[in-house]
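Written below as structure tokens is the structure these notes are about.
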Amino acid sequence: MTATTHALELGALQDELADAGYIAEPALAAVLLLMLDLGRPLLIEGDAGVGKTEVAKALAAVRSARLIRLQCYEGLDAHAAMYEWNYQRQLLAIQLLEHDERGVAEKEDDLFSERYLLRRPLLEAITRDEPPVLLIDEIDRADEAFEAYLLELLSDFQLSIPELGTVQATTRPLVVITSNGTRELSDALRRRCLYHYIDYPDHAKELAIVRLKAPGVAAELAQQIVAFVQSVRRIELQKRPGIAETLDWAAALLRLGISTVDAQGAERILETLGALIKTRDDRAALPREVVARLAAAC
Amino acid sequence: MLSLVAPEFESRAAARLTGFAGFLHANGYAVGGADAVPVLDVAARVGVLDAPTLRWSLRALLCGRADEWQRFDELFDAWFAPPNRWQRAERSELERGVVGGEGAAGIGGAGDDDAGAVSRPQASREERLGSTDFRALAGREHAIEIEALMRQFARRLKRLRQRRETRARHGRTLDLPTTIRRSVGSGGVPLHLAWRDRRRVRPRLVLLIDVSRSMADYSFFYLRLARALGAELGDVESFIFHTRMTAVSAALHDVDPWRAQERLHLIAQGWAGGTRIGESLAQFNREHAARSVHRRTAVIIMSDGYDTGDPTVLSGALAGLRRRARRIVWLNPLCNRPGYAPISQGMQAALPHLDLLAPGADLASLRAVLPAVLDALG
């Protein structure tokens, strides 16, 4: 591929992402293109609410692929993530097979056939006809042991089930891994992935997102909403509002019929602030005077 | 368009590109010589003339964590824009010498590094102050006792269990899926039972050691404890603080005692000065906590609690740490003095957030509180 076609593809991908409802800066589009080229997993880090998960959804929409999601949690083990035998059906089958004429080996083969296999996300992802987008969400919540297990899958794209043998991937899924950084991930995992860090959006990008996702908000109000949220993010808060909060707040303002953000309306802004500020301490950090001052500056 | 340019330009560009991974390695990135090949591969795909795209693509390829990501642009410019190149590379070598390995990355952005390079000559007074004391780090007295105590501590720590369950040979509850699965072999009769039991997961330790002047009598004792513990458990992280928090794991846990001394020498700036516990902890929360502290981490603070800063800052910082960490234990060397009560402003602000406040001025008192500490960590 030459540089010119690459630049063209970059622009095209960016447009497609925008059509899918995701505003991507060129840097992210470049990384996604590279990910498609190299077939490597993409590790995305960033604070909560900056749109990490949305990347996978938008990618699935652009590629018209199925999105398979594995939500990680503490104590997630291989069975919950890969496969499990359907014990109830197997037990039932054992009862039914008692009067069967076939040999024991055959019966057993039958018992451990794919019919009794429950596919969990990871097995599902590598055995489809079309390559899906596999989203492994919040991997930092899972244990290190699971991370090692995952690494094995990501390097070979095969999975061994003792009773069935090795399952080879029919397709290679596009893997997007997100992390909130509550735990240090292993270097081995980081080495195997492309890396992208999503920061809070700047004014222009957030405005574009608000215009796209909340078309009911007037241009001027959208401008003010974004300016207000941007200045709230500069205050030292425990939980800074993400893009989802901005959109929630815009919807709340719209619902209450507030058409402009200014110092006079500080009281009404305070009523809706629950959509933006999610902890009590943060709420205390934004008393009426501060809100009025921020609103006046919009 | 790599293929259209003159061959010698092409080879020069290739040489520059191959060197980039090594340059990042010299700046503390976790990349190696083997990364030169993917770098060339990526450059061939996106072209070397489209600088922004090349930058974004290489950034995704070569960065592995947020702090690397943030420093990348500067390093990219430094390498591919010739005039700054050597100057920057040398400066980064210098910084690595000062703080040493891993610690350098955690301490702060490029701005901080600048300040560090400038202020180092002025720190010589402090270094002299510290020089006699640092020898105590490898002192022979009590060395064997300290090591034995920490080995004991580490061994008991490994026995702690957490709530998560796993399959076990003998256990508390029946593992039904596995039992049924095993029963298939015996015609549905569950001959071989499978059990689940609580998994042993040792909490990971983060040690925050106060080295301010008021702690002068005790801080070396704690540093030696930390060093001995680091030798037993691979994943102990140690920080020292007075008016700011500094990562010392790499230096303190260096296996060579002489080298550990030398490396600590270099970070001794501000040693034995005033204390701002609250601000130091707040800085820890900002810069290190996301990487070092998670739900399996126990934080052990070793300080006398004499804080010259605002107590609300301390209280807020501890509350923040509390939300991240599994346990917070505070070892206070003054605690077992007759008539001591935690009435200093700092201790008052800290108490509501602690799982345990324990004395620990010397080996004997520490040995006495060890069971309580283990209980609190479990």
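Data table
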{"quantity": "Number of positions in the stretch B:338-378 that are under 24 Å from B:ARG224 (Cα atoms), free of Cβ contacts under 8 Å to residues at least 24 places away in the same chain and not aliphatic (A, V, I, L, M)", "calculated": "2"}
{"quantity": "Tally of residues being of a type outside the set (A, V, I, L, M), in contact with a Phe, Trp or Tyr (Cβ under 8 Å, 6 or more places away or on another chain) and either in a loop (DSSP other than H, G, I, E, B) or surrounded by fewer than 22 Cβ atoms within 10 Å (Cβ to Cβ) (or both) across the stretch B:209-218", "calculated": "2"}
{"quantity": "Enumeration of residues in the stretch B:346-377 that are surrounded by 15 or more Cβ atoms within 10 Å (Cβ to Cβ) and small (Gly, Ala, Ser)", "calculated": "B:GLY346, B:ALA349, B:ALA350, B:ALA358, B:GLY360, B:ALA361, B:SER365, B:ALA376"}
{"quantity": "Tally of residues being closer than 21 Å to B:LEU58 by Cβ and either more than 7 Å from every other protein chain (Cβ to nearest Cβ) or free of Cβ contacts under 8 Å to residues at least 24 places away in the same chain (or both) across the stretch A:192-202", "calculated": "4"}
{"quantity": "Identity of the residue in the stretch B:38-67, over 25 Å from B:GLY28 (Cβ atoms) and either of a type outside the set (A, V, I, L, M, F, W, C) or without any contact (Cβ under 8 Å) to a residue 40 or more places away in the chain (or both), that ends up nearest to the other protein chains (Cβ to nearest Cβ)", "calculated": "B:GLY47"}
{"quantity": "Of all residues in the stretch A:68-79 being surrounded by fewer than 16 Cβ atoms within 10 Å (Cβ to Cβ) and modelled with pLDDT of 85 or more, the one that is farthest from the other protein chains (Cβ to nearest Cβ)", "calculated": "A:GLN71"}
{"quantity": "Yes/no for B:VAL201 being within 27 Å of B:LEU370 (Cα to Cα) and within 11 Å of chain A (Cβ to nearest Cβ)", "calculated": "yes"}
{"quantity": "Residue count for the stretch A:41-66, restricted to those that are under 18 Å from A:LEU150 (Cβ atoms) and either away from every other protein chain (no Cβ under 14 Å) or modelled with pLDDT under 90 (or both)", "calculated": "2"}
{"quantity": "Flag if A:LEU189 is more than 14 Å from every other protein chain (Cβ to nearest Cβ), among the hydrophobic types (A, V, I, L, M, F, W, C) and assigned to a helix (DSSP H, G or I)", "calculated": "no"}
{"quantity": "Considering residues of the stretch B:159-186 that are within 12 Å of chain A (Cβ to nearest Cβ) and modelled with pLDDT under 80 only, the residue surrounded by the fewest Cβ atoms within 10 Å (Cβ to Cβ)", "calculated": "B:ARG163"}
{"quantity": "Helices (runs of 4 or more DSSP H) wholly inside the stretch B:282-367 that include at least 3 residues being within 14 Å of chain A (Cβ to nearest Cβ)", "calculated": "B:289-292, B:311-324"}
{"quantity": "Selected residue (criterion: surrounded by the fewest Cβ atoms within 10 Å (Cβ to Cβ)) from residues of the stretch B:32-68 that are β-branched (Val, Ile, Thr) and modelled with pLDDT of 85 or more", "calculated": "B:VAL37"}
{"quantity": "Qualifying residue in the stretch A:97-111 (condition: surrounded by 18 or more Cβ atoms within 10 Å (Cβ to Cβ), within 11 Å of chain B (Cβ to nearest Cβ) and either touching a residue at least 40 places away in the same chain (Cβ under 8 Å) or within 39 Å of the chain's Cα centre (by Cα) (or both))", "calculated": "yes"}
{"quantity": "Test: B:ASP254 is at pLDDT below 85, farther than 30 Å from B:GLY309 by Cα and within 14 Å of the chain's Cα centre (by Cα)", "calculated": "yes"}
{"quantity": "Output for the stretch B:328-346, where each listed residue is touching a strand residue (DSSP E or B) at 6+ places or on another chain (Cβ under 7 Å) and among the hydrophobic types (A, V, I, L, M, F, W, C)", "calculated": "B:ILE328, B:VAL329, B:TRP330, B:LEU331, B:CYS335"}
{"quantity": "Residues of the stretch A:112-150 that turn out to be more than 14 Å from chain B (Cβ to nearest Cβ) and either more than 21 Å from the chain's Cα centre (by Cα) or at pLDDT 85 or above (or both), as a count", "calculated": "21"}
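This table checks each residue for (1) away from chain B (no Cβ under 14 Å); (2) crowded, with 17+ Cβ neighbours inside 10 Å; (3) in a strand (DSSP E or B).
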{"position": "A:LEU212", "(1), (2), (3)": "yes, no, no"}
{"position": "A:VAL226", "(1), (2), (3)": "yes, yes, no"}
{"position": "A:LYS239", "(1), (2), (3)": "no, no, no"}
{"position": "A:ILE269", "(1), (2), (3)": "yes, yes, no"}
{"position": "A:ALA295", "(1), (2), (3)": "yes, yes, no"}
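Here is a yes/no grid of residues against (1) farther than 30 Å from B:ASP235 by Cα; (2) basic (Lys, Arg); (3) buried (at least 18 other Cβ atoms within 10 Å of the Cβ):
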| position | (1), (2), (3) |
| --- | --- |
| A:ALA148 | no, no, no |
| A:THR166 | yes, no, no |
| A:TYR195 | no, no, yes |
| A:ALA208 | yes, no, no |
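Residue-wise test of (1) touching a residue at least 60 places away in the same chain (Cβ under 8 Å); (2) assigned to a loop (DSSP other than H, G, I, E, B).
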residue: B:VAL189; (1), (2): no, yes
residue: B:LEU193; (1), (2): no, yes
residue: B:ARG202; (1), (2): no, yes
residue: B:LEU207; (1), (2): yes, no
residue: B:PHE220; (1), (2): yes, no
residue: B:LEU223; (1), (2): yes, no
residue: B:ARG227; (1), (2): yes, no
residue: B:ILE240; (1), (2): no, no
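The values are calculated or read from the model by the stated rules, or taken from the named source; none is laboratory data. If you're wondering where the values come from, they're calculated on a predicted model, not measured in any experiment. Positions of Cβ are backbone-derived with ideal geometry, glycine not excepted, and every protein chain shown enters the neighbour counts.
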